[in-house]
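Note sheet for the following structure.
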């Protein structure tokens, strides 16, 4: 099941000065109930209007706020859970005269047990506003997003397929402003309100065992495809052994939006009998668990992290061959770097400078060893592969022992800091590249039966610059030109929180798309107008051209239909 993440805006021009008819919906809809306090208002373009006013009134107090914009979208932050609001749009022309007034609409931001004081609490240790980032922090087990002041800005609403015993993991926001999550071994994409947009088939097409058993890591790729980890059960006699061995081993699956498998990789093809027999349990039996728990896609390369094998594998996507190994014990294979650098690791994050960061959970038995954040080289800038570049031990103060037996991940922030989820320690901190703590909290959950606060560790903590990182809108204004081609001014408004470039494409008769022009970077809150010429070959028999404006390097886009 798949619902595309785009909006189609039909703009039909009968002459240069004709009235614009739009298909844009008003959002939030009248009487909407929302589960987030940062709201993107969307409304129709109004012909001849050059400025708009959004009036927003708080029902309980009667206080009215007025926001001015030239775009048909506007984001308001820090609204209040449990409060109702009315909103209205006023359009004004170049003479500042009101030419349009919408009807008044009502919406409510619902309270929920997750937004109250009897679900989670945060014990703040450090909050340095001068050195910390401003990203939102998404806690997967809690099903909430908070800001750096520990205020909840979004919560996962009650959904029919989620029960109190459901396993929720790997909750994260995509570039499209949608959420991904693995829930009870199923993989989902849903919008801010919880409406399911896509669900992985989980039909066993890859494992050939009835289901895929999705786990640990789900990502949406710039192409719009999805990649997720699966498992398959193995039952065979290993070389040199008499008895049948039973174990589980990972898969990596890429789906297109329709749910079709377009690429797959099986760990069983790499882990030979000799590699599986490198480790033994305390009872002397071979430890055949490899425990695939993370992946990172960099172009045609996939890095896959195996916790129990203690390795991060570099996989060439085209050949499906493992070309490099990092960390853990000696594999006896060539191109194995950073041996013994980390063990029992979580995450495998490629940073913006080409290095890799992992959570080194290596602390299970040795009392002298603690867990740590480890950053190491992948060979960038002629640095030796596997060389340790930065390590930060988790026993940095007396508030915990630094031993995180499982869970954890790293997020690189826009300011260059690392946001570190310590996993089992139930602590999240932000650290500068120089090793200075900028933000530091403990997460606890209320035990409603015994009325005591318990440790609340998270599997993954994701970050986002906002709930609308790449939100934008575009407006087409036609121009008169000689000949059969179309021309117009395309005004693009970046209403999101991230700087972006954009591509303008036109659809050919066969349905394919060709790039007409590129729009240079637009800062958040800014706009840029570009003249676009549309040759005759892009017009259909009715003289209509279909354009697509897409965020460069991402799957988010809008479609516009234009005619003379």
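The values are calculated or read from the model by the stated rules, or taken from the named source; none is laboratory data. No experiment lies behind these values; they were computed from the predicted model shown. Cβ: placed from backbone, ideal geometry, glycine included. Neighbour counts: every protein chain shown.
Quick notes on this one:
Here is a yes/no grid of residues against (1) within 30 Å of residue 412 (Cβ to Cβ); (2) under 25 Å from the mean Cα position of the chain (by Cα):
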{"position": "73", "(1), (2)": "yes, yes"}
{"position": "90", "(1), (2)": "no, no"}
{"position": "102", "(1), (2)": "no, no"}
{"position": "106", "(1), (2)": "no, no"}
{"position": "110", "(1), (2)": "no, yes"}
{"position": "115", "(1), (2)": "yes, yes"}
{"position": "124", "(1), (2)": "yes, no"}
{"position": "130", "(1), (2)": "yes, no"}
{"position": "146", "(1), (2)": "yes, yes"}
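- Selection within region 48-61: residues that are surrounded by fewer than 16 Cβ atoms within 10 Å (Cβ to Cβ) and over 32 Å from the mean Cα position of the chain (by Cα). The member of this set that is farthest from residue 107 (Cα to Cα) is 48.
- Put simply, of 209, 219 the only residue that is modelled with pLDDT of 95 or more, outside any loop (DSSP other than H, G, I, E, B), touching a strand residue (DSSP E or B) at 6+ places or on another chain (Cβ under 9 Å) and surrounded by fewer than 19 Cβ atoms within 10 Å (Cβ to Cβ) is 219.
- Options 297, 312: the member that is over 16 Å from residue 251 (Cβ atoms) and either in contact (Cβ under 8 Å) with a residue 12 or more places away in the chain or in a strand (DSSP E or B) (or both): 312
- Subset tally (residues that are crowded, with 16+ Cβ neighbours inside 10 Å and in a loop (DSSP other than H, G, I, E, B)) for region 94-109: 1
- Selection count where residues are more than 20 Å from residue 497 (Cβ to Cβ) and either in a loop (DSSP other than H, G, I, E, B) or touching a helix residue (DSSP H, G or I) at 6+ places or on another chain (Cβ under 6 Å) (or both), scope region 413-425: 1
- In region 79-88, the residue that is farthest from the chain's Cα centre (by Cα) out of those that are buried (at least 16 other Cβ atoms within 10 Å of the Cβ) and closer than 19 Å to residue 44 by Cβ is 88.
- Taken as a whole, the structure places residue 296 among residues that are out of contact with any helix residue (DSSP H, G or I) (no Cβ under 9 Å at 6 or more places or on another chain) and surrounded by fewer than 24 Cβ atoms within 10 Å (Cβ to Cβ).
- Residues that are surrounded by 15 or more Cβ atoms within 10 Å (Cβ to Cβ) and either touching a residue at least 24 places away in the same chain (Cβ under 8 Å) or assigned by TED's automatic domain parsing to the domain that holds residue 426 (or both) number at least 2 in the following strands (runs of 3 or more DSSP E) confined to region 452-564: 461-464, 472-478, 486-494, 500-507, 513-522, 527-534, 544-551, 557-563.
- Within region 275-285, not a single residue is within 14 Å of residue 325 (Cα to Cα), buried (at least 21 other Cβ atoms within 10 Å of the Cβ) and assigned by TED's automatic domain parsing to the domain that holds residue 408.
- Of everything in region 317-338 that is touching a residue at least 40 places away in the same chain (Cβ under 8 Å), under 29 Å from the mean Cα position of the chain (by Cα) and surrounded by fewer than 17 Cβ atoms within 10 Å (Cβ to Cβ), the residue that is farthest from residue 380 (Cα to Cα) is 320.
- Residue within region 408-422 that is in contact with a strand residue (DSSP E or B) (Cβ under 8 Å, 6 or more places away or on another chain), under 14 Å from residue 459 (Cα atoms) and surrounded by fewer than 22 Cβ atoms within 10 Å (Cβ to Cβ) present: no
- Residues in region 429-441 that are in contact with a strand residue (DSSP E or B) (Cβ under 9 Å, 6 or more places away or on another chain) and surrounded by fewer than 21 Cβ atoms within 10 Å (Cβ to Cβ): 432, 433, 435, 437.
- So residue 289, is it in the same structural domain as residue 406 (by TED's automatic domain parsing) and either within 21 Å of residue 460 (Cα to Cα) or without any contact (Cβ under 8 Å) to a residue 40 or more places away in the chain (or both): no
- Pair list, Cβ under 8 Å, 6 or more apart: region 339-365 residue outside the structural domain of residue 292 (by TED's automatic domain parsing), other residue outside any loop (DSSP other than H, G, I, E, B) and buried (at least 19 other Cβ atoms within 10 Å of the Cβ): none
- Residue within region 340-347 that is surrounded by 15 or more Cβ atoms within 10 Å (Cβ to Cβ), farther than 17 Å from residue 254 by Cα and touching a helix residue (DSSP H, G or I) at 6+ places or on another chain (Cβ under 9 Å) present: yes
- Annotation note: of 428, 410, 441, 359, the sole residue that is touching a helix residue (DSSP H, G or I) at 6+ places or on another chain (Cβ under 8 Å) and assigned to a strand (DSSP E or B) is 359.
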